[in-house]
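Every number here is computed from the coordinates shown, using simple stated rules; none is lab data. The structure displayed is predicted, hence computed values, not measured ones. Cβ placement follows ideal geometry from the backbone for every residue including glycine, while neighbour counts extend to all protein chains displayed.
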Amino acid sequence: DSGVTQTPKHLITATGQRVTLRCSPRSGDLSVYWYQQSLDQGLQFLIQYYNGEERAKGNILERFSAQQFPDLHSELNLSSLELGDSALYFCASSVGLEEGYEQYFGPGTRLTVT
Amino acid sequence: GEDVEQSLFLSVREGDSSVINCTYTDSSSTYLYWYKQEPGAGLQLLTYIFSNMDMKQDQRLTVLLNKKDKHLSLRIADTQTGDSAIYFCAESMGLTGGGNKLTFGTGTQLKVEL
């Protein structure tokens, strides 16, 4: 158990809908990262928040957004969902902002868009 | 550029050593990681190596780094059936704004046979 929690574990929704994925980092960690794992793209970095502020952005679609709250939990919002958004979404956390801090991953949320 | 490559599949007998290889392209990567993913589970951090090291040993795991060839390997001694999983190498990258991300390889499926 990494100490990172994600809810829900599974999510099934229809195209065009909007969903929210939730992540709680390990106690003491200030950075939260979101990654997407799909069959065709592999594991891709989406976005990083540190202490409530967005600090790094990857190949995140404009239909996706995230935020980190004062209690440090984070939410990833996916809207106007398409079939291709079906994937496993991972949250990770680390103590610090820069590279070199170990990233610990949650169990993931499996999103299925039908 | 960012491209991390791994062979897709490795099969070994229980008790043998496994060697999983990874080639990365970003010579500025400071940290390189190995993660394990079991079916239906998240990513478990196994070990990491700092780029100024050639080797790191951690119990049954040995990481070798050839920075000149941008080649990383993970050796698992006395491989057990519980080691069957997908293994990902990842390179870290610092980003503008102070943040960072991990770039993952395609993953190597390790199958341990009796």
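A compact table of results
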quantity: Conditions (1) more than 15 Å from the chain's Cα centre (by Cα); (2) charged (D, E, K, R); (3) not in a loop (DSSP other than H, G, I, E, B): number failed by residue B:91; calculated: (1)
quantity: Residue in region B:73-86 that is more than 20 Å from residue A:1 (Cα to Cα), among the aliphatic types (A, V, I, L, M) and within 12 Å of the chain's Cα centre (by Cα) present; calculated: yes
quantity: Test: residue in region B:50-60 that is within 12 Å of chain A (Cβ to nearest Cβ) and assigned to a strand (DSSP E or B); calculated: yes
quantity: Strands (runs of 3 or more DSSP E) enclosed by region A:2-100 - at least 2 residues per element that are of a type in the set (A, V, I, L, M, F, W, C) and under 13 Å from the mean Cα position of the chain (by Cα); calculated: A:19-24, A:31-38, A:42-50, A:64-68, A:74-78, A:87-94
quantity: Pick from region B:94-114, criterion assigned to a strand (DSSP E or B) and under 13 Å from the mean Cα position of the chain (by Cα), ranking: nearest to the other protein chains (Cβ to nearest Cβ); calculated: B:104
quantity: Odd one out for residue B:40 among (1) within 11 Å of chain A (Cβ to nearest Cβ); (2) surrounded by 20 or more Cβ atoms within 10 Å (Cβ to Cβ); (3) part of a loop (DSSP other than H, G, I, E, B); calculated: (2)
quantity: Among the residues listed as B:107, B:98, the single one being surrounded by 14 or more Cβ atoms within 10 Å (Cβ to Cβ), within 27 Å of residue A:88 (Cα to Cα) and touching an Asp or Glu at 6+ places or on another chain (Cβ under 7 Å); calculated: B:98
quantity: Among residues of region B:95-114, those that are without any contact (Cβ under 8 Å) to a residue 60 or more places away in the chain and closer than 19 Å to residue A:36 by Cα, counted; calculated: 4
quantity: Scope region B:55-94; condition among the polar types (S, T, N, Q) and either more than 16 Å from residue B:5 (Cα to Cα) or touching a Cys at 6+ places or on another chain (Cβ under 8 Å) (or both); matching residues; calculated: B:57, B:59, B:62, B:73, B:79, B:80, B:81, B:84
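For every residue, the table says whether it meets (1) surrounded by fewer than 18 Cβ atoms within 10 Å (Cβ to Cβ); (2) in contact (Cβ under 8 Å) with a residue 40 or more places away in the chain; (3) at the interface with chain B (Cβ under 9 Å from one of its Cβ atoms); (4) of a type outside the set (Asp, Glu).
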| residue | (1), (2), (3), (4) |
| --- | --- |
| A:5 | yes, yes, no, yes |
| A:8 | yes, yes, no, yes |
| A:25 | no, yes, no, yes |
| A:32 | no, yes, no, yes |
| A:37 | no, yes, yes, yes |
| A:40 | yes, no, no, no |
| A:52 | yes, no, no, yes |
| A:55 | no, yes, yes, yes |
